[in-house]
Amino acid sequence: MSTVRRLASKLLRIVIRHSSDESQDWANAMLRELDFIESDWAALLWALGSTTAIFRHCLPRGLKTWFGKLFVQQGELKNIGKQAAGVVSGAVIAVGVLAVSAFGLVRLSLFLFPTWDVGRVPWAQWLAVIAIPETIFIVAALALRRKRRSMAAGIVLSAIVLFAHFIVHVATHG
Amino acid sequence: MKLRLSPQTLEVLEAFLQSPKDWKYGYDISRNTGLKSGTLYPILMRLAERRLLETSWETVEAGKPPRHLYRLTADGLRFAREHRLSRATGRVARAALSGVKS
């Protein structure tokens, strides 16, 4: 047996030794075919391709098992993804509400009541930027807390961040 | 789970359809289709996982290592034939369309 063929055979034996139970049968099948490949280099290419195939077969399963162990239950992975999506969508909605309130209401009031000059009234700005959005956040979070808990959490998180930003702003700018 | 029907998968199915009742060796399928082991075996694995392909170890005399054999199951045969038909229909339709365009 040539060195190249020996290398091909050794590679597949290593693959068999380290592959999962369900992949082992396939790896064995690939090894058995080596004896019927005439050219040594073709045998090596066959072994390399087979190694890739087994790796591709094992990797998703290995990762699944690893994550499965990490999160105790496999179903949790899906739930975590869903929850994260819920929180993110809650935060996105909150940012949208804030933007509408901060820019939309001020612009609307300027349009509806031009004599008020809301742009120069500080309390009106605080109303549009803090009071109205925070009120909407709280009401929305309370309304969604049962059916869409993660979205409510995203909204509450945004409310906390906005309030913290307000406190920091007041503390630094007076 | 849906099976990804790549041109290579269709080629493998076609190779099985040439003599549907015969068991085939991996290397022979590779030679017939021109697919490398790294492409062929993932396809065989997916087909087997979806029970479209049955596998078996060859029974041989003592001392000689057995080889793995493959054959389409009844479901696999139906699936392969359906896709061959839809592929052929698609080809005819495309040819007809290109005829209409030109």
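Values in this text are rule-based calculations from the coordinates and carry no lab data. Values in this document were obtained by computation on a predicted structure and should not be read as measured data. FYI the Cβ positions are ideal-geometry reconstructions off the backbone, even for glycines, and counts take in every protein chain you see.
Please give the average number of partner chain Cβ atoms lying within 10 Å of the Cβ of each residue in B:47-59, rounded to a whole number.
The mean count of partner-chain Cβ atoms within 10 Å per residue comes to 1.
Mind listing the phi-derived Karplus ³J(HN,Hα) values for segment A:158-163, rounded to whole Hz, using 6.51, -1.76 and 1.60 with θ = phi - 60°, and x for any glycine or proline?
Going residue by residue, I get 5, 4, 5, 4, 5, 5 Hz, with x marking Gly and Pro.
For a quick protection proxy, order the peptides B:37-43, A:139-145 by their average other-Cβ count within 10 Å, most packed first.
Details: B:37-43: 22.3, A:139-145: 15.9.
Per-residue Cβ counts within 10 Å, averaged per peptide and sorted highest first, yield B:37-43, A:139-145.
Hey, can you grab everything whose amide H is under 5 Å from the amide H of residue B:67? Only 5+ residues off in sequence or another chain; H modelled, so Pro and N-termini drop out.
Under 5 Å from the amide H of residue B:67 lie the amide H atoms of B:58, each far enough along the sequence or on another chain.
Arranged by the count of other C-beta atoms within 10 angstrom, fewest first, what order do A:151, A:1 take? Provide the component values of the computation, followed by the final result.
Details: A:151 24, A:1 9.
Arranged by neighbour count, lowest to highest, A:151, A:1 become A:1, A:151.
For a 21 Å ceiling on Cα separation, which of these pairs sit above it: B:36/B:64; A:10/B:36; A:82/A:147?
Going by Cα-Cα distance, B:36/B:64 fall outside the 21 Å limit.
If I model a spin label at residue B:75 and residue A:13 as a point 7 Å from the Cα along the Cα→Cβ vector, what separation in nanometres do I get?
My value for the distance between the label points is 3.8 nm.
Pop the C-beta distance of residue B:31 and residue A:113 into the FRET formula with R0 = 51 Å and round what comes out to the nearest 0.05.
Plugging the Cβ-Cβ distance into 1/(1 + (r/R0)^6) gives 0.05.
Please compute the average number of Cβ atoms from other chains found within 10 Å of each residue's Cβ in peptide A:92-101.
Mean partner shielding for this stretch: 0.
Tell me, what ³J(HN,Hα) does each residue in segment A:18-27 have, in order and in whole Hz, if you take phi through Karplus 6.51 cos²θ - 1.76 cosθ + 1.60 with θ = phi - 60° and put x for Gly and Pro?
9, 7, 5, 4, 6, 8, 4, 4, 5, 4
Using a 10 Å cut-off around each Cβ of peptide A:53-60, what is the average number of partner chain Cβ atoms that fall inside?
Per-residue shielding by partner chains comes out at 3.
For B:5, A:34, what's the fewest-to-most ordering of other Cβ within 10 Å of each Cβ?
Values: B:5 13, A:34 21.
Ordered from fewest to most neighbouring Cβ atoms within 10 Å, B:5, A:34 come out as B:5, A:34.
Let's test this: bin the Cα-Cα distances of chain A at 10 Å from zero up to the farthest pair and state each bin's percent.
Once binned at 10 Å, the Cα pair distances of chain A give 9, 21, 16, 11, 10, 11, 11, 8, 3, 0.
Taking θ = phi - 60°, what integer Hz values does the Karplus form 6.51 cos²θ - 1.76 cosθ + 1.60 yield along segment A:83-88, in sequence order, with x for Gly and Pro?
Along segment A:83-88, the couplings run 5, 4, 4, x, 4, 5 Hz.
Magnitude of the Cβ-charge dipole of segment B:1-88, K/R +1 and D/E -1, about the Cα centre, nearest 20 debye?
So the dipole magnitude of segment B:1-88 works out to roughly 260 debye.
Going by C-beta contacts inside 10 Å, put A:52, A:115, A:135 in order with the fewest on the left.
A:115, A:135, A:52
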